1. Using the basic label-point model (7 angstrom from Cα toward the beta carbon), what is the A:Asn88 to B:Leu314 distance in nanometres?
2. How large is ³J(HN,Hα) for each residue in the stretch A:53-58, as worked out from phi by the Karplus curve 6.51 cos²θ - 1.76 cosθ + 1.60 (θ = phi - 60°), to whole Hz, x for Gly and Pro?
3. Once you've got the GNM for chain B with C-alpha springs shorter than 10 Å, pick whichever of B:Phe27, B:Phe178, B:Phe159 has the biggest mean-square fluctuation.
4. Tell me the relative contact order for chain B as a rounded percent, counting alpha carbon contacts under 8 Å between residues six or more apart.
5. With θ set to phi - 60°, apply the Karplus curve 6.51 cos²θ - 1.76 cosθ + 1.60 along the stretch B:214-220 and write out the HN-Hα couplings as whole Hz, x wherever there is a Gly or Pro.
6. What is the stretch B:198-298's relative contact order, in percent, from Cα pairs under 8 angstrom and six or more apart in sequence?
7. Past 28 Å, Cα to Cα, is the threshold; run A:Lys251/B:Lys229; A:Lys229/B:Lys369; A:Lys369/B:Lys229; A:Lys251/B:Lys251; B:Lys83/B:Lys229 against it and keep the listed order.
8. At a temperature of 4 °C and a viscosity of 1.567 mPa s, determine how fast chain A diffuses translationally according to Stokes-Einstein, using the Kirkwood radius over alpha-carbon pairs as Rh; express D in µm²/s, rounded to the nearest whole number.
2 protein chains.
Amino acid sequence: MATMTNVETSFDAEGAASGAQSHVHVFGPDQPLRLDGGVDLTPFEIAYQTYGELNADKSNAVLITHALTGDQHAANAHPATGKAGWWNHMVGPGRPIDTDKYFVICQNVIGGCLGTTGPTAINPATDEPYGLNFPVITIGDMVRAQAMLVEALGIEQLFCVAGGSMGGMQVLEWCASFPERVFSAIPIATAARHSAQNIAFHEVGRQAIMADPNWQSGNYNAEDSYPSKGLAVARMAAHITYLSEAALHRKFGRNLQDRESVTYGFEADFQIESYLRHQGFTFVDRFDANAYLFITRAMDYFDLAADHARRHGLESGTLADAFRGTTTRFCVASFTSDWLYPTSESRQIVHALNAVAANVSFVEIESDKGHDAFLLDEPELFATISGFIGASARARGL
Amino acid sequence: MATMTNVETSFDAEGAASGAQSHVHVFGPDQPLRLDGGVDLTPFEIAYQTYGELNADKSNAVLITHALTGDQHAANAHPATGKAGWWNHMVGPGRPIDTDKYFVICQNVIGGCLGTTGPTAINPATDEPYGLNFPVITIGDMVRAQAMLVEALGIEQLFCVAGGSMGGMQVLEWCASFPERVFSAIPIATAARHSAQNIAFHEVGRQAIMADPNWQSGNYNAEDSYPSKGLAVARMAAHITYLSEAALHRKFGRNLQDRESVTYGFEADFQIESYLRHQGFTFVDRFDANAYLFITRAMDYFDLAADHARRHGLESGTLADAFRGTTTRFCVASFTSDWLYPTSESRQIVHALNAVAANVSFVEIESDKGHDAFLLDEPELFATISGFIGASARARGL
């Protein structure tokens, strides 16, 4: 197990697999997080889960990075919903990311709402929840916070960083910002920058939240109100983008919900309506509306080529520049029916990696499940990742 | 000009081209509209515009059917916005639908909010606006109302019925319900039934409207409030589906709005955000929130094969059954980048028409403008329609 020095933990005796409690690492006033927006976030905490055992030379650590509405509970039951971890197909004993072999870390991102410092945290300047006074964060900020945690755990180099969607953006950011600290990387169903359409869908979600009078300019905690309707609409709009038209057609088609004919009204006549409403209204129980604003904003700001150029004081830069000199081994995966981050986005990443002669394998997986395929039971994805991790482990001498 | 008997008109002396005023035809208690939902709508009015001159044997009438947020102002300035008619590229002197040759009729659909009876109209039972007490209507209801208007104008057979999107659904409905009254038909960028994804996007819009406390269960007129925020969110979500990813990328990409760098805040940093907000907030000035609910519902209910089977008391039916025996000439058009009603939907229509040996031509037009291409300056679309209408006119002896 990792040295737990510096780790204030509420980890219970049953271990991470019991699910409810996370480790929490506190970064005090001496360890501020300098944000891309120019301010320091301090103090801050990171909530995380671990699975498996860190080996003696600390060379078997795998960092899992989560998507927009994900959290640190990748492979244990979610404390609020009781549901299985969001990547329980992928992470566990004998799974592609095998916790019998690897020490797996999964943390909640900065700006999140599952224990890591975000807009629901208390602002030390006011003793009130931050709300909209939380500083706008970026994917780069999330990753620098993770790097501080990994360093605090005494791990010099991660054997692997893996994640899908926004998790994949963090994987790419890790490889660009800390190339020597990533032995292998698995960005799945992701993009190196948010497209106009990606931003547009997020903007609709944000406007839906902000249109809810219970949002109260982000001060809903203070007023005992909650913008659940707005957040539910945001989730519904986003949820459509996670599924392919084929998946929706197969799952629902025009099937009616518990009735033999349409009712000529505005009840949920169709199963797809009932499903979407359920997605919206269960989401509000597990996610914070302001966190949704901040995390979607971080994704919209993500543009790895431009970010890398800016941080290095260059007028402009290509995506290849962000990866120049990398020795990381990459496995890039996309899904044929993912229209949110389509294969063309993965190809741009692969082209950039090829341009700098990186070690990269790329697979486009045939699936009609849409973007959400990275979270689902996709044997070809599992086979791809098992094979890549096995080969990387041999190269690493594990 | 058409005989104006039975037409109560507020048409001004300058003619339709001046834009502000529409003809209004009143259908009194002796002429109820029997709705698919089982109730009679009575009395009701239809607001419509005409362009060009009806010939002596009334054989040159073209009916234009509008899309979800369209109206009767196809080729004249919109009375509320002052903008050019929504199909002014297509309809006018020397245009593909040539008002020097044809008598063009365009009416506002039942359930609409531009003069035709819809939820903003006064419910004679209560002397209050209908609001949610307006009966849920269908595409079939819209078309039967149009058929009553066409009959009132003394036109036995329309030379052509043409429309895109929901307008295309009405075209198909006309051909299935009144085959002998349609000489030629042009359904563009449409589908013979709403898919699960189509329904899902509409449901998000409806939930956004209903989430707005100003909506007040549809009674906002009575209370001097208006659900503008909810309706704006609905419009923004829908608007994304009208454009292709490529069009958004070309038009906006990640360009910033009047600033050199991102602001690390929630202002509209990106042009796409500013554009979407503008689309949302200008829409509420020209459209009624309840009308948006009723018309999206009508589209979701549309399933021509099932509707035709139900009306004819059959257990089930194919789309081909709906067209069996047709002598109408069809021109079906789709756009390569339309992901709302993709080419596959048009192909299903064409396959059904082929199965009953209909006279059908089909063109998939190369365009990166997405669904909205049917409203835009698309030379290949114009050439297709000019050619089809010219050939149809010769066949009709015009």
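1. In this crude spin-label approximation the distance works out to 4.7 nm.
2. So the J values, rounded to whole Hz, are 10, 6, 7, 4, 8, 6.
3. Ranking B:Phe27, B:Phe178, B:Phe159 by mean-square fluctuation puts B:Phe178 first.
4. Once divided by the residue count of chain B, the mean separation gives 16 percent.
5. Calculated HN-Hα couplings, in order: 5, 5, 6, 6, x, 9, 5 Hz.
6. So the answer I get is 30 percent.
7. Over 28 Å Cα-Cα: A:Lys251/B:Lys229; A:Lys229/B:Lys369; A:Lys369/B:Lys229; A:Lys251/B:Lys251.
8. Calculated translational D: 60 µm²/s.
Every read-out reported here was derived from the displayed coordinates using simple, explicitly stated rules and does not represent laboratory data. On a predicted model such as this, the values are computed, not experimentally measured, just so you know. Heads up, the Cβs are rebuilt from the backbone with ideal geometry, glycines too, and the neighbour counts pull from every protein chain shown.
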